[in-house]
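The values are calculated or read from the model by the stated rules, or taken from the named source; none is laboratory data. Since the model is a prediction, treat every value here as computed from it, not as a measurement. Cβ sites come from the backbone with ideal geometry, for glycine too, and all protein chains shown count toward neighbours. The area values use the complete protein model at the heavy-atom level, side chains included, leaving out ligands, DNA and RNA. Shrake-Rupley method; radii C 1.70, N 1.55, O 1.52, S 1.80 Å.
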Amino acid sequence: MNEYDSDRIRNCLDLELTQDPQEADVVIINSCAIRQKADQKALSSLGKFKHLKVKKPNQIVGIAGCVAQLYGDQLLNKIPHLDFVLGPRAIPSLPELVTRIEKEKKRCVETSLDLEEIFEVEPYHENGKVSAFVSVQQGCNKVCSYCIVPFVRGKEINRPLNDILNETKNLVTKGVREVTFIGQTVNSWKANGYKFGDLLKNVAEIEGLLRIRFTTSYPRDVTKKMISAMAGAPKVCHHIHLPVQSGSNRILAMMKRTYTKESYLDIIKTLRESIPDIAITTDVIVGFPGESEKDFNETLELVKEVEFDSSFSFKFSPRPGTPAAESKELIPEMISNERLAMLQKFQSEITIRKNQKKVGSVEEVLVEGESRNDPSWQSGRNTHNQVVNFPGPLSLKGKIVNVRISEGLRNSLRGVLLQ
Ligand code: SAM
């Protein structure tokens, strides 16, 4: 989501990109507020421009994204070299804001959450890229007690079907072969009587598009219609990222996740019955306020039972204004650290075992380009969203090829191209 917003910021300003801050006329730090660490990182990045501003007083320095939204004009008071604060919904007003600062030399804050033109600015697209994100939804209507997203990104707004189809077709004409739909709870998407399953079916008809992915799905919004669209359209990848957050019903209720461990497991069962090879990945939070040893063990049990293909796991981070941050039952850092390490080791063993089981299988890989470590190797992804590296020529970029897997590693697979 933040990467997509950075590309939108880049596209809406008619400026050339530079890697050298000394050369820049405008510097924008795009920020994430989901956990405290990310939020501090954004503020310390801004600090690096303090001395440059002394040498280059006309340089415009701004902060965009969720940290900007969260702290608003407090940031102008706190950071004297900051010229503007721009919330994630206000990106379309950025060009006007920069012109105003240049002319009037006045500092500004734009954090309105109800700008209508929210989807108007499309992202910058690098020529030759095989895969692209398409935003289908902004904001979130869920009320997870730990999460800052609804406060900083506002209520859910769904993009009309035709706009999504047009952006996707446009990307295909530029050489894109795979789109990933993004939204906070992407599968709750609905517009003009269409539901998420209809979106998948309609986009699957676009000629030249080879693959469709989406993230992040919300468990209660997984419907039969969505599953049947996934199973019925070969372009829809066999992967779902379905954050579970905890395996304890007590903690899930405190998180206000609106499902139980049992109903989550039912969804997994239905998904696997309809799409037997589906890869399932998840997010987990450990050390949520009040999480007992028993609750944590229930999370381990659930991870063991589902055998996720991989997972992202986080220590609970109290976020200002969220109900969970007010809890009196905060878990000591040392315990959260231990639980996180234990969960990650547990998941890692499952992932490696599952990846090693793929040795000998033939995977369809959409080639994205040269591998980072060796240009004589190509890198791509299989339908399960796993990175697959293999020796081969760059001319394969943008094509789906068959690769026989020879090695299963923690974060990727290696193999041999089949001619
Ligand atoms: N909207 C999605 C959802 O709720 O399923 C994902 C939102 S967030 C960008 C990605 C992940 O960050 C969440 O799934 C959750 O595991 C984690 N997260 C969110 N708020 C957190 C917090 N306060 N502390 C720790 N992790 C958090």
Residues of the stretch 269-286 being open to solvent by less than 40 Å² (accessible area, probe 1.4 Å) and out of contact with any Asp or Glu (no Cβ under 8 Å at 6 or more places or on another chain), in sequence order, are Leu271, Ile275, Ile278, Thr282, Asp283, Val284, Ile285, Val286
Quick count over the stretch 67-102, residues being within 23 Å of Ser135 (Cα to Cα), of a type in the set (A, V, I, L, M, F, W, C) and open to solvent by 10 Å² or more (accessible area, probe 1.4 Å), is 1
Taking first residues from the stretch 266-288 that are on the phi > 0 side of the Ramachandran plot and second residues anywhere that are within 16 Å of the ligand (Cβ to nearest atom), the pairs with Cβ under 7 Å that are 6 or more apart or on different chains are Gly287/Lys315; Gly287/Phe316; Gly287/Ile331; Gly287/Ile335; Gly287/Ser336; Gly287/Arg339
The strands (runs of 3 or more DSSP E) lying entirely within the stretch 305-398 that contain at least 2 residues which are open to solvent by less than 20 Å² (accessible area, probe 1.4 Å) are 362-370, 377-381, 387-391
Filter pass, Asp266 being within 30 Å of Leu210 (Cβ to Cβ) and open to solvent by 10 Å² or more (accessible area, probe 1.4 Å):
no
Just one listed residue, out of Val149, Val134, is modelled with pLDDT of 95 or more, among the aliphatic types (A, V, I, L, M) and within 16 Å of the ligand (Cβ to nearest atom), and it is Val149
* Asked: Among the residues of the stretch 174-183, is any outside any strand (DSSP E or B), of a type in the set (D, E, K, R), within 16 Å of the ligand (Cβ to nearest atom) and open to solvent by 20 Å² or more (accessible area, probe 1.4 Å)?
  -> no
Those residues of the stretch 240-289 that are assigned to a helix (DSSP H, G or I) and touching a His at 6+ places or on another chain (Cβ under 9 Å) come to a total of 0
Take Asn166 and tell me if it is within 13 Å of the ligand (Cβ to nearest atom), more than 16 Å from the chain's Cα centre (by Cα) and over 19 Å from Arg381 (Cα atoms). no
How many residues of the stretch 228-260 are crowded, with 16+ Cβ neighbours inside 10 Å and within 16 Å of the ligand (Cβ to nearest atom)? The answer is 16
Looking across the stretch 152-163 at residues that are away from the ligand (no atom under 16 Å from the Cβ) and in contact (Cβ under 8 Å) with a residue 40 or more places away in the chain, the single one that is most open to solvent (accessible area, probe 1.4 Å) is Asp163
